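Down below is the structure, laid out as structure tokens.
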Amino acid sequence: MKIEPMKVDDLPTILEIEKESYKNPWEEKDYLYELKENPFAYYFKLVHDDKIIGYIGFWITFEIAQVTKVTIVKEFRGKKLSYILLKDMEERIKQATDCNQITLEVRVSNEVAIHIYEKFGFEIATVRKDYYSDHEDAYLMVKEVIA
């Protein structure tokens with residue numbers, strides 16, 4: 001397995017994974033903005049046997065990194081691959097910046113993701129009411145970065 005920068009050419013596969021993974025998947029325009037225009041955005045894909053099996057996205061803005069996506073294809077879930085992506089992200093953040101905190105939002109109903117994030121060291125900081133378009137709340141989770 002290897003972790004590589006996501007490219008525009010990867011988007012057809014990424015968009016298929018999005019559709020199978022999310023109630024409200026990101027669209028091509030969302031990823032094009034992140035990959036081509038957002039100077040704070042970093043997106044990486046997890047590749048196994050030349051196939052994209054997961055990806056992670058995050059923004060680094062000064063002393064805070066914000067996770068935007070952590071996704072593993074269904075047939076590879078439960079194999080600690082999210083942890084591998086999160087660890088890689090954390091190492092990149094430590095090497096690139098003076099970032100001291102990583103944040104993310106997660107649906108309060110997504111118990112599997114919450115468990116993964118907690119095992120990685122994230123803590124629930126607060127609830128963001130009515131955060132998603134379907135009116136579900138989100139937890140804001142935070143992890144301190146220790147160099």
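Out of all the residues in segment 114-147, which are small (G, A, S), surrounded by fewer than 17 Cβ atoms within 10 Å (Cβ to Cβ) and touching a strand residue (DSSP E or B) at 6+ places or on another chain (Cβ under 8 Å)?
First, pick out the residues of segment 114-147 that are small (G, A, S): 121, 125, 133, 138, 147.
Next, only the ones that are surrounded by fewer than 17 Cβ atoms within 10 Å (Cβ to Cβ) stay: 121, 125, 133, 147.
Matches in segment 114-147: G121, A125.
Any residue at all in segment 89-98 that is loosely packed, with under 14 Cβ neighbours inside 10 Å, modelled with pLDDT of 95 or more and not acidic (D, E)?
There is no residue in segment 89-98 that is loosely packed, with under 14 Cβ neighbours inside 10 Å, modelled with pLDDT of 95 or more and not acidic (D, E).
Collect the residues in segment 110-147 that are at pLDDT 95 or above, over 17 Å from the mean Cα position of the chain (by Cα) and among the β-branched types (V, I, T), keeping them in residue-number order.
T126, V127
Taking the residues in segment 99-109 that are in contact with an Asp or Glu (Cβ under 6 Å, 6 or more places away or on another chain) and within 13 Å of Y131 (Cβ to Cβ) as candidates, determine which candidate is surrounded by the fewest Cβ atoms within 10 Å (Cβ to Cβ).
V108
For segment 2-21, give me the residue count where each residue is touching a residue at least 40 places away in the same chain (Cβ under 8 Å) and out of contact with any Leu (no Cβ under 6 Å at 6 or more places or on another chain). Give the derivation first.
At the first step, the residues of segment 2-21 found to be touching a residue at least 40 places away in the same chain (Cβ under 8 Å) are 2-6, 10, 14, 17-18, 20-21.
With out of contact with any Leu (no Cβ under 6 Å at 6 or more places or on another chain) added as a condition, the list becomes 2, 4-6, 10, 14, 17-18, 20-21.
Final tally of qualifying residues: 10.
List every residue pair whose Cβ atoms sit under 7 Å apart, with the two residues 6 or more apart in sequence or on different chains, where the first one lies in segment 108-133 and is small (G, A, S) and the second, anywhere, is surrounded by 13 or more Cβ atoms within 10 Å (Cβ to Cβ).
S109/E136; A113/V106; G121/K143; A125/L140; A125/M141; A125/V142
Within segment 1-52, which residues are touching a His at 6+ places or on another chain (Cβ under 9 Å), assigned to a loop (DSSP other than H, G, I, E, B) and loosely packed, with under 11 Cβ neighbours inside 10 Å? Show your work before the answer.
Here is the first cut: in segment 1-52, the residues touching a His at 6+ places or on another chain (Cβ under 9 Å) are 1-2.
Adding the requirement that they be assigned to a loop (DSSP other than H, G, I, E, B) leaves 1.
Hits for segment 1-52: nothing passes.
The values are calculated or read from the model by the stated rules, or taken from the named source; none is laboratory data. Since the structure is predicted, the reported quantities are computational estimates derived from the model, not experimental observations. Virtual Cβ from ideal backbone geometry, glycine too; neighbours counted across all protein chains shown.
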